[in-house]
Amino acid sequence: MINLLLNILILSLSGLCIATLPESVGAIVFVSLDHFLVTLIAACPLAISILIALPVQYRKWWTRLLTLLALAVSFCMMSKLSVSTANELNQISLMIVKILIAFLLAGSLGMNLLRIWEQIKSQSIHHENSPLDLKIQLGVCLLAATLIPLTHTQFLVNYHHSQFDEAMNHQRIEKARINARDWSRLAPQAKWNSLKVTTVYRDLQKQCHALKQQLSHFGSEVHSDHTGARIQMHLHLDQHEDAIELIQPLLNSSQAALAWDTYGLILQREEKWEESLDAYSIALKLWQNKAENPQALAGQTSAYRGIALAEKKIGKTAQAEVAYQNLITLAPTAENHFLLARFYEEKQRSELAMKHAQQAAALAPGQFAEPAEKLIEMMKSSHFGCFRIYRSSLPEA
């Protein structure tokens, strides 16, 4: 019972480090609850193997010692230190610390886990394994306790990197800040545009703080001169409800086309695809009626992008393809060609995907040469089959 209470306390402290102290050493080590649990689960077989290898009379003392150590380490993790303190630690050092903490906690849970293990295996607690069996067992468990967390960490690094790039491309500063925070915890030595990701994270924190201060200066009064700027700030901070509140009065005004377009964007960020399709369709009609407006071309381009994405998400593949083709006709830019290449790649129409990827790379080699090459290489491995036969590029029925 005491062991169980201590384990609950340890897990609570670990969760507190993650949730309430985002810049503590504990948060840097644990990163997120799911990430820590993967490491913990991977460490459990190693802790159980060591318990099995120990003489029976020492097992209880071993688990008590590990419980105390895990408790002590968890308290140490509560220290309020900035992320920059961990900059000198490389990814391997952090992984070693993470595995150690998980191993300590796994060991403290070991006696209960051992009982379950022995029930499953129907083996006596006095069963003795040969030295060679123990070495093989411990070796396999040690390998698993190391490789599984490392693999999961690398997966998360790639995930947060890609999410960060996407957030920056769409000027979602708050989302980029969160992804940069998690990315920096996983790989504090990583760089983005020659800057350390920890530096980028601190810069984004300052930007978010400055935006919130600017919004607070506006107060509750609504001035038409400031409405556009306020909406943009709310979008940067992913404060969608506040942005919608400001957009609603504009949906029937002289700025209706831009308002509906922005409303469609917010709905897509909230993954309300049907509603966003309606909003973008209204925006497109309004922009088409304003052909003389200098913003009409950009407005129609934005609307077609939104319509194509919404229709793709809903499952209207044929309509989405038409929207993408209209987009290319209206604005044959490298970015739009690459969007169409990704659409065709998802639909496994390799020849068309390669064609538009190559066009994107030709129009803007600095920006799209590398992504286009990666897309083509990915299609070569996933779309060509064992005998390197292209999948059909004919339209779907």
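Read the figures in this text as sums done on the coordinates, not as results from a lab. What you see is a predicted model, and the numbers here were worked out from it, not measured in a lab. Here the Cβ positions follow ideal geometry from the backbone for every residue, glycine too, while neighbour counts run over all protein chains shown.
Things worth noting here:
- By average C-beta atoms within 10 angstrom, highest first, the peptides 327-335, 197-205: 197-205, 327-335
- In this calculation the C-beta distance from residue 291 to residue 199 is compared with R0 = 51 Å, giving a FRET efficiency of 0.65.
- Efficiency of FRET from Cβ geometry, residue 57 and residue 317, R₀ 51 Å, rounded to 0.05: 0.15
- Taking packing as the residue-averaged number of other Cβ atoms within 10 angstrom, the listed peptides 270-277, 189-196 run from highest to lowest as 270-277, 189-196.
- In sequence order, the stretch 298-313 has phi-based couplings of 5, x, 5, 4, 4, 5, 5, 4, x, 5, 4, 5, 4, 5, 5, 5 Hz under the Karplus curve 6.51 cos²θ - 1.76 cosθ + 1.60, θ = phi - 60°, and Gly or Pro positions carry x.
- Measuring against 21 Å, Cα to Cα, the residue pairs 272/313; 290/312; 175/272; 206/272; 191/212 contain 290/312; 206/272; 191/212 as the ones spanning a longer distance.
- The stretch 134-195-the stretch 328-346 distance, computed between alpha-carbon centres (Å): 30
- Rounded to the nearest Hz, the phi-derived 3J(HN,Hα) couplings of the stretch 153-160 under the Karplus curve 6.51 cos²θ - 1.76 cosθ + 1.60 (θ = phi - 60°) are 4, 5, 4, 5, 4, 5, 5, 5, where x marks glycine and proline.
- Backbone geometry of the stretch 266-281 corresponds, through the Karplus equation with coefficients 6.51, -1.76 and 1.60 at θ = phi - 60°, to 3J(HN,Hα) couplings of 4, 4, 6, 5, 8, 6, 9, 5, 4, 5, 5, 4, 4, 5, 5, 5 Hz, x marking Gly and Pro.
- For residue 196, no residue 5 or more places off, or on another chain, has a built amide H under 5 Å of its own.
- With the highest mean first, a sort of the peptides 166-172, 261-267, 143-149, 180-186 on other beta-carbon atoms found within 10 angstrom per residue produces 180-186, 261-267, 143-149, 166-172.
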